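Here is the structure we will look at.
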Amino acid sequence: MTQIDATVHAFQISGATRLSRVAALLALLTWGGAVGLSGAQSPASAAPKVAQNTQCTAIKLCYCVNDEFLPVIDERVKTLRAMIAGERAKGKAIGYFSVPLSTTAGGYFNVNAEVSARAKERIEGRFGAEHTWVLNPAMKEADLTAPSGARGGHGEYMLMWTRVLESANALGEDFDFVYFAGPSDFASFFGLAGQNDMDLLAKYFDKRLAEDAGLRREVERGRLTRASFRNYYALRASVSFSNGAHDEWNIVRVLNERRRADPKFGNAGQLPKLFDGRAVSSGEFENPIAAGSPGACKVN
């Protein structure tokens with residue numbers, strides 16, 4: 001018997017006093033008004049819906065963003081630009097590392113963040129750490145957490161990274177190159193050598209599952225399995241399967257288009273793109289790819 005049924009029953013008991021009947025009726029009305037006859041929370045007491053609005057950047061790329069993140073994004077952009085300026089003041093070439101980070105399709109955030117940190121060190125070592133600094137998007141300074149505790153989504157992160165990449169003059173002038181992660185960047189992390197790679201990945205998963213509580217939670221939630229992890233890092237681990245990286249490729253393409261039209265940069269002053277450790281060809285360089293996000297907020 002539900003609480004509403006019990007209250008109605010009490011109200012109908014023969015011999016009840018007028019006062020008790022009135023009290024019971026008031027209880028019924030109060031309970032019904034609070035939860036509704038279906039037992040669901042009433043609209044008046046529901047949590048307020050966070051407003052979403054379309055936010056566009058200087059290079060006219062737009063994203064649907066929760067308003068509560070806007071001050072956080074502004075602060076992060078200032079912090080990241082200050083970090084870049086500090087490294088450039090040391091005379092270093094500045095790179096941006098585009099890498100898939102989300103736990104999706106078999107990929108796992110914590111592993112991807114470690115790959116990103118390792119790749120940053122390797123790229124800086126390749127060109128010389130005293131001459132190069134690479135922005136790692138997995139660094140703690142880039143975390144987007146709202147005052148409410150909500151975590152940023154694709155729109156929030158892409159608004160932040162677009163503003164960082166486009167720089168103050170919408171020409172990407174804070175950067176000297178962009179490196180897009182490829183299969184070899186992940187293979188290097190796992191120690192894959194092109195021989196029995198899937199077995200090595202399955203064994204890595206088993207060992208990490210025993211030690212990593214975060215990975216166990218994702219498995220328990222059904223977001224990851226041994227097979228999906230193995231397949232992702234053997235076959236998909238690169239920017240080719242990342243929504244954010246697709247957007248970042250297009251951001252750099254737009255920036256280079258603007259640079260080609262700017263007399264201070266021109267064709268020779270475009271931002272170099274590297275994929276999987278090599279410079280991309282002219283045809284790859286200038287071609288757009290499918291966008292990773294839907295862009296502006298949908299109008300109901």
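Every number in this text was worked out from the coordinates using simple rules, so none of it is lab data. Everything numeric here is computed off the predicted structure, so don't read it as measured data. Please note: Cβ atoms are built from the backbone with ideal geometry, for glycine as well, and neighbour counts cover all protein chains shown.
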### Task
Return one quarter of the surface area of the convex hull spanned by the alpha-carbon atoms of segment 52-286, equal to its mean projected area, in nm².
13.7 nm²
### Query
Among L274, L235, which comes first, second and so on when ranked by fewest other beta-carbon atoms within 10 Å?
L235, L274
### Summary
Simple spin-label estimate for A290/F241, 7 Å along Cα→Cβ, in nm, reads 1.4 nm
### Message
List the trypsin sites (Lys or Arg not before Pro) within segment 208-270 that DSSP assigns to loop and that have no more than 12 neighbouring Cβ atoms inside 10 Å.
### Response
R221, K264
### Message
At R0 = 25 Å, how high is the FRET efficiency between V280 and F127 if r is their beta carbon distance? Nearest 0.05 is fine.
### Response
0.90
### Task
Show me 102-108, 75-81 ranked by packing, highest mean number of other Cβ atoms within 10 Å first.
102-108, 75-81
### Query
Which of M198, M160 comes first, and how do the rest follow, when ranked by fewest Cβ neighbours within 10 Å?
M198, M160
### Task
Please report, in cubic angstrom per residue, the volume enclosed by the convex hull of the alpha-carbon atoms of segment 66-179.
107 Å³
### Summary
Residues whose built amide H sits under 5 Å from the amide H of L144, excluding neighbours closer than 5 in sequence, are G152
### Query
If amide H atoms are built 1.01 Å from N in the plane of the peptide, which residues on other chains or at least 5 residues away come under 5 Å of the amide H of T132?
A93
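Among 51-63, 87-99, how do they line up by average Cβ neighbours within 10 Å per residue, starting with the highest?
87-99, 51-63
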### Message
Could you give each residue of segment 278-291 its phi-based ³J(HN,Hα) in whole Hz, using Karplus coefficients 6.51, -1.76, 1.60 with θ = phi - 60°, and x for Gly or Pro?
### Response
10, 6, 7, 6, 4, x, 5, 4, 9, 8, x, 10, 4, 5
### Query
When the label point is put 7 Å from the Cα of Q52 along its Cα-to-beta-carbon vector, which residues of segment 129-153 have a backbone N closer than 20 Å?
144-153
